[in-house]
Amino acid sequence: MIRIITACAAALCLALPARADELQEASKLLKAGQHQQALERVNKALAAKPRDPQARFLKGLIFTEQGKAKEAIEIFTKLTQDYPELPEPYNNLAVIYAGQGHYDKARAALEQSIRTHPSYATAYENLGDVYAKLASQAYNKALQIDSSNTGAQNKLSLVRELVGGPAPAPVAAAKEPAKEPAKEPAVVAQKGPEKSDQPAEKPAPAADPAAEILKAVNGWAQAWSKKDADAYLSYYAKDFDPPGRQSRADWEKSRRSRIAAPKSISVGIGSPKVTLQGNDSARVAFRQTYRSDVFKGTSNKILVLVKADGRWQIREEKGG
Amino acid sequence: MKRLALALLLFACAGLARAAATPEDRLSAVFAAIESNRLDTALFRVEALIRDYPNFRLAHLVRGDLLLARSRPLQTFGNVVKTVPQDRVEGLREEALARLRALRERPSEDRLPRYVLQLHPGQKHVLLVDSRRSRLYVFANQGGRPRLIADYYVTLGKNGIEKTRQGDQKTPVGVYHVTGNLPRSKLTDFYGAGAFPINYPNEWDKRLGRNGHGIWLHGVPADVYSRPPRASDGCIVLANPDLESIGRHVQVGLTPVIIADEVEWSDAAALEAERSSLAAALEQWRADWASRDTERYLAHYSRRFASGKQDYAGWAAHKRKVNGAKRWIKVGVSSVAMFRYPRERDFVVVAFEQDYRSDGLSNVMKKRQYWIREDGRWKILYEGGA
């Protein structure tokens, strides 16, 4: 099982020693248009970790920018094969195909991207453009019009960040969710647990733990959306295990910078499903919709919460 | 497991249905899916259709709409940009309407075309064109009565119907028959799967001074599946598979091709009444001829009669001379076919085999007469060899 950490994965990758600097540097060089130098850095990183998805993704981007479509297609295709759950490589494949006028291939890739991530907004927007392009081709065939004069520039967006990036290092097996030994019934709770007619419902925690848990999850998402890093971090338990081999301090630092970077962030919780595991542990699976001024993405997420000091806190966070 | 088996069964049924469905049926299924707001199904169906018929331009137009609809709301059917030639879009829209309307307005079993009063036993089929509907109906001869067995979308003249002049790019209206069979090998690609010329201008056209020639039923070039409803120079154009289907029924020299503005439909009882009244008139004409009572015989002819250069007076004088000299005449009439002429009032084309015997001369010939109703009785307006 590949662990997917939405949004923070890139940060964790960058935080890793040895490789992180290379990729960060490569990314900067790419942004500065220094493709060759960027490529050298990425290759260096790949020499150490040939399968690393972040590095491969970046290499694909560099080739795309360099106009080396064939090489870029090869890399992104391989990524879709190795990590079929990631929508970004599909999206970028589609952008390249569309640039070549292969709208049918672009459509297939984007539809695949949406199939893995049904509310992946970038792919939807791109797909809309590809459909319009395909429609115009179909009309040209219908009306026998030479299509050479209708070659309007396509405005598909290339995704520049692998947000739903798989964690490079396998996480200690102990942290894998225990297979529920005896299936407890899943409690499905509605989103938006605050009821206005019950302003302070403090004395009923035992009555509906699911509502309480969801309240915590929603609070976490709201803090993230407000870019309130302190509040956001306060939702994590003391024994939260940061992804990878980061220290808690490093992880918090990278989270703070990730939360501070965009001008705006909006995080939505979709179809949450709460599974209680005993009295003070619960697993919440949901679709996370992340939207900032620089990136939009949706992924599955699982939070494992524990009740400590009378509060539900996050002990584990992973893509599912 | 059960679900899987069911899915396979459904798939098999769909496969069977597809084998029998014409491209037009399949296009109709696409529109059915659109109407029930199953756009994904519609797109799936139209893409399958295009795979099988890549030159079906109308299908491409529909696919364009379905794809565009995923991107933004459509303004119209055939939502192409305004800069493309609008007449081409219009042609495809008209084709769509014609095809769908024809499928939805198929005549019911008990309706019969008013034009086919009687078929003779040798005529296996009759072709009937409804110009308004851009449709050609194929009727089989079932005991002298027509039975609808197939119908096809057709393209007619750019400028519509009622051809009168050479080059007017109109399709004639009238009762014709197939006069030839030109195979694909003898034609350019423009005519597609083959061609069946018809006898425009017929005697009636000539009498009215109509001219022009070369009205054919023919196929389409390889790069299209079909053409818009009004696009030919007057010919009746069918998709190549449709022309091939019709070709299996056509008998050169025999198969009637009736071209109407909008087909009038009738019922068996009304048609039988009309047929028997004409059959009685024809029989009376035969009997009066054989009786050698020339005046009774001539009373069957209209004063406006004409045949070639001969008018009524010339015809009457000739018949009085010939009939008066005979001691006996026997006239046999067989293989009678009768077709009401579209557009004309009480006007019937009667064709038959005539077996004439007398003390002087005997001969067997194919004859064609035009009968009109004049002063309450059927009279002959034209008569000649066929």
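Being touching a residue at least 12 places away in the same chain (Cβ under 8 Å), more than 23 Å from A:E65 (Cβ to Cβ), in contact with a Pro (Cβ under 9 Å, 6 or more places away or on another chain) and not aliphatic (A, V, I, L, M), is that true of even one residue in segment A:83-99? Spell out how you get there, then give the answer.
Kept after step one, since they are touching a residue at least 12 places away in the same chain (Cβ under 8 Å), are these residues of segment A:83-99: A:83-99.
Adding the requirement that they be more than 23 Å from A:E65 (Cβ to Cβ) leaves A:84-85.
Then drop every residue that is not in contact with a Pro (Cβ under 9 Å, 6 or more places away or on another chain), which leaves A:85.
Adding the requirement that they be not aliphatic (A, V, I, L, M) leaves A:85.
Yes; the residues of segment A:83-99 include at least one that is touching a residue at least 12 places away in the same chain (Cβ under 8 Å), more than 23 Å from A:E65 (Cβ to Cβ), in contact with a Pro (Cβ under 9 Å, 6 or more places away or on another chain) and not aliphatic (A, V, I, L, M).
Please enumerate the residues belonging to segment A:277-303 that are among the hydrophobic types (A, V, I, L, M, F, W, C) and either at pLDDT 85 or above or not assigned by TED's automatic domain parsing to the domain that holds A:S225 (or both).
First, pick out the residues of segment A:277-303 that are among the hydrophobic types (A, V, I, L, M, F, W, C): A:282, A:284-286, A:294-295, A:302-303.
Within segment A:277-303, A:A282, A:V284, A:A285, A:F286, A:I302, A:L303 meet the criteria.
A single entry from A:N126, A:N92 fulfils the requirement of being within 14 Å of another protein chain (Cβ to nearest Cβ) and buried (at least 23 other Cβ atoms within 10 Å of the Cβ): A:N126.
The single condition among (1) of a type outside the set (K, R); (2) more than 11 Å from chain A (Cβ to nearest Cβ); (3) within 30 Å of A:S136 (Cα to Cα) that B:L92 does not satisfy is (2). The set of residues in segment B:36-48 being surrounded by fewer than 24 Cβ atoms within 10 Å (Cβ to Cβ) and either facing chain A (nearest Cβ under 10 Å) or of a type outside the set (K, R) (or both) consists of B:S36, B:N37, B:L39, B:D40, B:T41, B:A42, B:L43, B:F44, B:E47, B:A48. Please work out which residue is surrounded by the most Cβ atoms within 10 Å (Cβ to Cβ), limiting yourself to segment B:308-331 and to residues that are among the aromatic types (F, W, Y) and under 36 Å from the mean Cα position of the chain (by Cα). For segment B:308-331, the residue satisfying everything is B:W315.
Annotation for segment A:31-51: no member residue is under 19 Å from the mean Cα position of the chain (by Cα) and buried (at least 21 other Cβ atoms within 10 Å of the Cβ).
Inside segment B:95-113, residues that are within 17 Å of B:A29 (Cα to Cα) and more than 14 Å from chain A (Cβ to nearest Cβ) make up a count of 10.
Could you tell me which residue of segment B:98-112 is nearest to B:P146 (Cα to Cα), considering only residues that are among the basic types (K, R) and part of a loop (DSSP other than H, G, I, E, B)? It comes out as B:R111.
Of the strands (runs of 3 or more DSSP E) lying entirely inside segment B:210-302, the ones with 2 or more residues being within 27 Å of B:R145 (Cα to Cα) and not assigned by TED's automatic domain parsing to the domain that holds B:F56 are found at B:216-218, B:256-260.
Can we say A:Y97 is in a helix (DSSP H, G or I), away from chain B (no Cβ under 12 Å), buried (at least 24 other Cβ atoms within 10 Å of the Cβ) and at pLDDT 90 or above? So A:Y97 fails the test.
Quick one: is B:R57 touching a Ser or Thr at 6+ places or on another chain (Cβ under 9 Å), within 8 Å of another protein chain (Cβ to nearest Cβ) and of a type outside the set (A, V, I, L, M)? Considered against the rule, which asks whether it is touching a Ser or Thr at 6+ places or on another chain (Cβ under 9 Å), within 8 Å of another protein chain (Cβ to nearest Cβ) and of a type outside the set (A, V, I, L, M), B:R57 comes out as yes.
Contact map, segment B:72-88: first residue within 8 Å of chain A (Cβ to nearest Cβ) and outside any loop (DSSP other than H, G, I, E, B), second residue among the basic types (K, R) and surrounded by 12 or more Cβ atoms within 10 Å (Cβ to Cβ), Cβ cut-off under 9 Å, separation 6 or more or different chains; pairs are B:R88/B:R57.
Mind checking which residues of segment B:181-208 are in a loop (DSSP other than H, G, I, E, B) and closer than 19 Å to B:R368 by Cα? Don't jump to the end; show me each part of the working.
If we filter segment B:181-208 for residues that are in a loop (DSSP other than H, G, I, E, B), which is where we start, we get B:181, B:187-188, B:192-193, B:199-202, B:208.
B:N199, B:Y200, B:P201, B:N202, B:L208 - these are the residues of segment B:181-208 that are in a loop (DSSP other than H, G, I, E, B) and closer than 19 Å to B:R368 by Cα.
Select from segment B:113-145 the residues that are over 13 Å from the mean Cα position of the chain (by Cα) and part of a strand (DSSP E or B) and write down the one among them that is surrounded by the most Cβ atoms within 10 Å (Cβ to Cβ). It comes out as B:L117.
Listed here are the residues, each with its yes/no results for (1) loosely packed, with under 14 Cβ neighbours inside 10 Å; (2) within 13 Å of the chain's Cα centre (by Cα).
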position: A:A261; (1), (2): yes, no
position: A:I265; (1), (2): no, no
position: A:I269; (1), (2): no, no
position: A:K273; (1), (2): no, no
position: A:N279; (1), (2): yes, no
position: A:A282; (1), (2): no, no
position: A:A285; (1), (2): no, no
position: A:T289; (1), (2): no, yes
position: A:S299; (1), (2): no, yes
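The residues of segment B:146-170 that are small (G, A, S) and closer than 25 Å to B:Q118 by Cα amount to a single one, B:A150. B:S362: among the polar types (S, T, N, Q) and either in contact (Cβ under 8 Å) with a residue 12 or more places away in the chain or buried (at least 20 other Cβ atoms within 10 Å of the Cβ) (or both), yes or no? The answer is no for B:S362.
The values are calculated or read from the model by the stated rules, or taken from the named source; none is laboratory data. The shown structure was predicted, so the numbers you read here are calculated from the model rather than taken from an experiment. Neighbour counts are summed over all protein chains in view; Cβ atoms, including those assigned to glycine, are modelled from backbone coordinates with ideal geometry.
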